[in-house]
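J.: For reference, the structure I am asking about is given below.
The values are calculated or read from the model by the stated rules, or taken from the named source; none is laboratory data. Note that the structure is a prediction, hence the values are computed from the model and not measured. Using ideal geometry, Cβ is built from the backbone for each residue, glycine included, and neighbour counts are taken over all protein chains shown. What goes into the accessible areas is simple: the full protein's heavy atoms, side chains included, and nothing from ligands, DNA or RNA. Shrake-Rupley method; radii C 1.70, N 1.55, O 1.52, S 1.80 Å.
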Amino acid sequence: MIALEEQQEDEIRRQGEAEYPHECCGLLIGRFVEDGRKQIAEVYPVSNAREEEAKHNRSLIMPEEYMRGERYARGRGLEVVGNYHSHPDHEAVPSQFDLDHAWPIWSYIIVSVRDGRAGDLRSWEMEANRSRFDEEEITRGS
Ligand SMILES: [Zn+2]
């Protein structure tokens, strides 16, 4: 379960629309609370590191960008608890590429952007054995 404010969700949608037809990506900054739940404090946009021609359907965060986000989070007494990205003209469902590059415990928020407009926004968590993602519930507030 992941707690996300409406304003943060809007930011992800807006970024997905702004980057369309490319993927947007960023980090979810917040805290892990009891029972593996996550509380998002801020969304932290990062640039898509993939080659221009590959940007369309794969996003990857560069280690330097990740380290910068991690330092930013720690400076506020927070942690990186996940990642978000858009799927231009595709469903808000993780791809095989997403699974191959996922980290356990993190949340993966995906927003579907069709014809430049953000639609479905869903959150996913990988199974510990890396076999697949399970959808997780998005709640408001704490
Ligand atoms: Zn993806």
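J.: Sort out which residues of segment 1-40 are surrounded by fewer than 20 Cβ atoms within 10 Å (Cβ to Cβ) and assigned to a strand (DSSP E or B), and write them in order of number.
T.: Selection gives ALA3, ARG31, PHE32, GLN39.
J.: Could you please find all residues in segment 92-133 being charged (D, E, K, R) and under 24 Å from TYR66 (Cα atoms)?
T.: Pass one, segment 92-133, residues charged (D, E, K, R): 98, 100, 114-115, 117, 120, 122, 125, 127, 130, 132.
Residues satisfying the conditions are ASP98, ASP100, ARG122, GLU125, GLU127, ARG130, ARG132.
J.: Right, next: State whether the residues of segment 67-78 include one that is charged (D, E, K, R), in contact (Cβ under 8 Å) with a residue 12 or more places away in the chain and within 16 Å of the ligand (Cβ to nearest atom).
T.: no
J.: Which of the residues belonging to segment 12-25 are within 24 Å of GLU127 (Cβ to Cβ) and at pLDDT below 95?
T.: GLU23, CYS25
J.: Continuing with the same structure: Could you give every pair whose Cβ atoms fall below 6 Å, whose first residue belongs to segment 9-35 and is without any contact (Cβ under 8 Å) to a residue 24 or more places away in the chain, and whose second residue is open to solvent by less than 10 Å² (accessible area, probe 1.4 Å), counting only separations of at least 6 or pairs across chains?
T.: none
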